[in-house]
Amino acid sequence: MSGNINIRRDVQDSFYRYKMPRIQSKIEGKGNGIKTVIPNLSDVARSLERPPMHVTKWFGFELGAQTSMNADTDRYIVNGAHDASKLQDSLDGFINRFVLCGACKNPETELVIQKDGKNITRDCKACGKQTKLDMKHKLSGVILKNPPEKKKSKSKSSEKVDKKDKKEKKSKKSKKESSEDDEEDGDLDAGSDDEFTKRLVAEAAALPPVGEVADTGDWSVDTSEAAMAKRVAELEAGIGKSTLIDNDEEEDEDDSDNPYAQLASWIEEQDESPSDVDLFKKIKELGIDTKHRTLQVLGVCLFDENILKELEARAPLLTKLIGDSEKHQKAFLGGIEQLIASHEKLMAGVPKILLEIYQNDLIEEEVLQAWGAKASKKYVEKDVSKKIRKAAQPFLAWLEEADDDSEEESDEEDDE
Ligand SMILES: [Zn+2]
């Protein structure tokens, strides 16, 4: 069941000229760490003339799963177990909504971001019409942030996919970083993952190598002035510096000149959300790089309503700071509680936030379970704490179920 198929699977004509490789799926790992590698994702994306990132992100949104990608190693991963036919079915949705012309259903379209910066059209080469994308779909937001590169003249006339050309492109892709074609999409504001990794390793030698770094492109925080102003206002209003100091007996700090408050202020003051490297430097400078309370400050100050995306981006740094310490993990959850308390909108997203935290290996299962089992007034009002845990129930139930599942799995192996 491999080989090429029609891009429009509803077209039975074997002479239909728009083909793509049948998507492949390779399931790796087990239990909670189970994931699906899509070995030919970049080939499929290329056939659709879309960046691999857009396709990967589509799967993430549609399948409700975490994704990760590394263009350099050509690894595209969707967490959870998804077989090829499920992916293929899901891909039809992507093709319908983000590839095919809305008027004539021809797949030769180019995504064009409109001058208003808010809308995207599919410009059809076959009929010339421009049809709008559904901007309510989350992927549209991702595309706005990570637009496909402008077509170069060489690929303009690609009526069908030229395999040889593809291979050449692939092997030459590292030739010029700046003019990379469709491999390295979307790293608008930060350079490639690879550069990011290098920078981290070089500038903050203590940080671990990032390996399969979380997706490209998405890890910019909304740093518009309005967003920052809002964040500062929120901090001042509800969760001001004073609440950043908990009453932990062990580490009583003098409120004046408190390094945690300083860190919070420093984060607020930045014109742009600080890079991991700068942030780490600052934390070290304040001498709190091993302190659990640092994680509380980061939990509450570093994120906003885009926390799902931001978490993934910050995962390497947070992992470094949390280490294996349960105390640090709890403090981070405390900061997240404070964040949620100050963003009403986030309450509904609690299960997703926790899932993201869990899937980025920031907090261990046991710590999450213990946290979920008991409300506490340590970080937020007791009733808010209860509310957050109530909102977390779907996640906590899932966690328990996943636990049971992995046990069952090994039982079954024994039986058979
Ligand atoms: Zn058309």
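The values are calculated or read from the model by the stated rules, or taken from the named source; none is laboratory data. Everything numeric in this text was worked out from a predicted model, so none of it was measured. No Cβ is skipped: glycine too gets one built from the backbone with ideal geometry, and neighbour counts run over all protein chains shown. Areas reflect the complete protein model, heavy atoms only, side chains present, ligands, DNA and RNA absent. Shrake-Rupley method; radii C 1.70, N 1.55, O 1.52, S 1.80 Å.
Please specify each residue of segment 1-31 satisfying the condition of being polar (S, T, N, Q) and surrounded by fewer than 17 Cβ atoms within 10 Å (Cβ to Cβ).
Across segment 1-31, the qualifying residues are 2, 4, 12, 14.
I'd like to verify a number: residues in segment 126-141 that are open to solvent by 70 Å² or more (accessible area, probe 1.4 Å) and more than 8 Å from the ligand (Cβ to nearest atom), how many?
Summing the residues that are open to solvent by 70 Å² or more (accessible area, probe 1.4 Å) and more than 8 Å from the ligand (Cβ to nearest atom) in segment 126-141 gives 4.
What are the residue pairs meeting all of these: first residue in segment 350-370, first residue under 14 Å from residue 295 (Cβ atoms), second residue open to solvent by 30 Å² or more (accessible area, probe 1.4 Å), Cβ atoms under 6 Å, and 6 or more apart or on different chains?
Cβ pairs passing all conditions: 367/326.
Give the residues of segment 370-392 that are part of a helix (DSSP H, G or I) and polar (S, T, N, Q), sorted by residue number. Quick ask: steps written out before the conclusion?
Taking segment 370-392 first, the residues part of a helix (DSSP H, G or I) are 370-373, 382-391.
The one that is part of a helix (DSSP H, G or I) and polar (S, T, N, Q): 385.
Taking residue 303 as meeting all but one of (1) in a helix (DSSP H, G or I); (2) buried (at least 21 other Cβ atoms within 10 Å of the Cβ); (3) modelled with pLDDT under 95, write down the number of the exception.
Only one criterion is unmet by residue 303, namely (1).
Scan segment 320-339 and give yes if some residue there is of a type in the set (Phe, Trp, Tyr) and open to solvent by 10 Å² or more (accessible area, probe 1.4 Å), otherwise no.
no
Taking the condition among the aromatic types (Phe, Trp, Tyr) and open to solvent by 40 Å² or more (accessible area, probe 1.4 Å), does residue 61 pass?
Values: among the aromatic types (Phe, Trp, Tyr): yes; open to solvent by 40 Å² or more (accessible area, probe 1.4 Å): yes.
The answer is yes for residue 61.
Working only within segment 347-366, note down all residues that are part of a helix (DSSP H, G or I) and open to solvent by 10 Å² or more (accessible area, probe 1.4 Å).
347, 348, 349, 351, 352, 355, 356, 358, 359, 365, 366
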